[in-house]
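Below you'll find the structure, written out as structure tokens, and then a few comments.
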Amino acid sequence: MENILVAGANGTTGKKVVQLLKKSQYFNPVAMVRKKEQLAQFENDGIDTVLGDLEEDITHTVANIDKVIFAAGSGGEKVVAVDQEGAKRLIDASRNANVKRFVMLSSMGADNPETTEDLKEYLQAKHNADEYLKSTDLNYMIVRPGTLTNDTGTGKISLKRHFEKHGSITRDDVAQTLVHALHEDAGTNETFEILEGDTLIGKALDSVS
């Protein structure tokens, strides 16, 4: 089984990713959290953990890691420090550790941040992190969902490299897409957007490979 570091494991989407990985026959999740008091919830569930703050040195977090899912976010409080520079820090650590794949949770609008005034700083940070990842020699997948909802997932999405419309998607389906994107047959070095839809997630990802 491959060890998958989940950055942002304590977040709403991150927790869903960890649980999906735990049930997988291919992957072993390693939950990366920022605070010691966040470790117990994962350890009590038999999940491997590592303590790491994206604003500090995180070189140790990628030891014995095969692939990475970056699902961390500052919640709008430290978008440059966490969403941008924290992502870059983990990308650099992953490169140095020869991580085999880096799956980035980004956002629709990150390709054109200046179009949305109220989210401009956040989308610019995501844009900068995405572009930094693309500039490396890492094997990557960048997933850009629409507005996240807490509805029950359907296991189906709509996927395009770029939508002309905005829309929403459940966190359940985003988490499933991130996990699917770990597989080599899902494509390599791709950036795509996802919304709620009618295509099975695995089949949708086949279309970008």
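The values are calculated or read from the model by the stated rules, or taken from the named source; none is laboratory data. Not measured: the values here are computed from a predicted model. FYI the Cβ positions are ideal-geometry reconstructions off the backbone, even for glycines, and counts take in every protein chain you see. Just the protein is used for accessible areas: all its heavy atoms, side chains included, with ligands, DNA and RNA removed. Shrake-Rupley method; radii C 1.70, N 1.55, O 1.52, S 1.80 Å.
Identify the residue in the range 2-31 that is part of a helix (DSSP H, G or I) and open to solvent by 30 Å² or more (accessible area, probe 1.4 Å) and, among all such residues, is farthest from residue 99 (Cα to Cα). Among those that are part of a helix (DSSP H, G or I) and open to solvent by 30 Å² or more (accessible area, probe 1.4 Å), it is 12. Counting the residues of the range 104-143 that are closer than 16 Å to residue 13 by Cβ and open to solvent by 60 Å² or more (accessible area, probe 1.4 Å) gives 1.
Selection of strands (runs of 3 or more DSSP E) fully inside the range 102-209 by the criterion of at least 2 residues being within 21 Å of residue 62 (Cβ to Cβ) returns 140-145. Screening 83, 66, 45 for residues that are farther than 24 Å from residue 148 by Cβ and either open to solvent by 40 Å² or more (accessible area, probe 1.4 Å) or in contact with a Gly (Cβ under 7 Å, 6 or more places away or on another chain) (or both) leaves exactly one candidate, 66. Please verify whether residue 100 is free of Cβ contacts under 8 Å to residues at least 24 places away in the same chain, open to solvent by 70 Å² or more (accessible area, probe 1.4 Å) and charged (D, E, K, R), treating the condition exactly as stated. Spelling it out, it is not the case that residue 100 is free of Cβ contacts under 8 Å to residues at least 24 places away in the same chain, open to solvent by 70 Å² or more (accessible area, probe 1.4 Å) and charged (D, E, K, R).
Considering only residues that are surrounded by 19 or more Cβ atoms within 10 Å (Cβ to Cβ) and of a type outside the set (A, V, I, L, M, F, W, C), which ones fall in the range 50-59? 52, the sole residue that qualifies.
When the residues of the range 186-209 are filtered to those that are open to solvent by 60 Å² or more (accessible area, probe 1.4 Å) and over 18 Å from the mean Cα position of the chain (by Cα), the one that is modelled with the lowest pLDDT is 209. For the range 147-166, the set of residues classified as modelled with pLDDT under 95 and either open to solvent by less than 40 Å² (accessible area, probe 1.4 Å) or within 27 Å of residue 96 (Cβ to Cβ) (or both) consists of 163 only.
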